[in-house]
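Coordinate-derived values only; no laboratory data. The structure presented is a predicted model; accordingly, all values stated were derived computationally and were not measured. Backbone-built Cβ (ideal geometry, glycine too); neighbour counts: all protein chains shown.
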Amino acid sequence: MFVRLAIFLLFPIFAFAQSEGRIETDRPDQTECPFIVKKGYIQAEIGFNRATSENLFPTSLVKYGISKRLELRYVSVLAQEPGKEIRFQTEAVGFKWALLQPSGWKPRTSVIVHYNWDHQNRDFSEKNLRGHSIGDVVFTMQNDLNKQFGVGYNLGTELHSNGSIEGIYRVAPNMLIGKKGYAYVEVFGRFPASEYADHSYDAGFAYYLNEDIKLDVSAGQSFTRPEDYYFALGISFRLRIF
C-alpha cells in the first residue's frame, strides 16, 4: 500500500526534483549497481514484466538515501491471492552499503543485504526443490573502462530455510549511446546444489528523460530452458524529500 500511495502522490511532481548527477538504478538489468541513492532522496524503480512461465504483476523497488554510504531498500509486487483482492505485497526489505570508491583498476563496490519478508513468495530457485529463501547477500561492483564503455558485475549468495546456500552471479557490459541513452548485454544465473543450475542472458536499453527520470526496456531468455523468456518495461524516478 505504501508503494501505491507513493506513486500516485509523488508522480505528478517528480519532474520538479533537482539534484546533481543522473539517477543511477538497479534496473533494467539483473545486475545490481553499486551507487547509493543521494542522501535525503527517495527513489522508485518500477517494472512491468511479462514472462512465459507465469504472469508477473508490476514490481517496485523503493530506496531512500540515509547517508553517502547507506540506502534503505523496500521491494514489493502487485499480487493477488486466491479469493482476495489485488494488493501490494512486501517481498523484501534491506540496505545497500558502499564499501569502496573506484581507484584505477579497483571497482566501485557496495554490498546489498535483503531479508525476504514472505518466505512463501519464491523465485526461480524454488523450482530446484530447495527450501524457501530467507534472504541474500550480494556484492556489486562496477568498472568504467573509458568514457563510453563499462561493466557491472555481482557475486553473492542466497540463504534458504533448509540451511542450504545458493550462489549468484551476474555480468553486464554496457555502452553509452548518445548523451541520454545506454545499452547493455548480460549473463546471469545461479549455482544450486540440487537438480540443475539456472543460467540466462538478456539485453536492454535505457533512456534518461532528465537527470531524475529514466525509462527502460529489456528482454531475456534462459540458456538452460530456452522456452523461458521475458520482456519488461520500466520507469525510475527520484525526489528530494529532506
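Quick look at the numbers
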item: Lysines whose Cα lies under 28 Å from that of K214, excluding same-chain neighbours fewer than 8 positions away; result: K38, K39, K63, K68, K96, K106, K147, K179, K180
item: Additional length obtainable on full extension of the chain from S103 to D144, 0.36 nm per residue less Cα span; result: 13.7 nm
item: Per-residue Cβ neighbour rank within 10 angstrom, fewest leading, S103, S60; result: S103, S60
item: Exposure proxy ranking, count of Cβ atoms within 10 Å, fewest first, for R238, R27; result: R27, R238
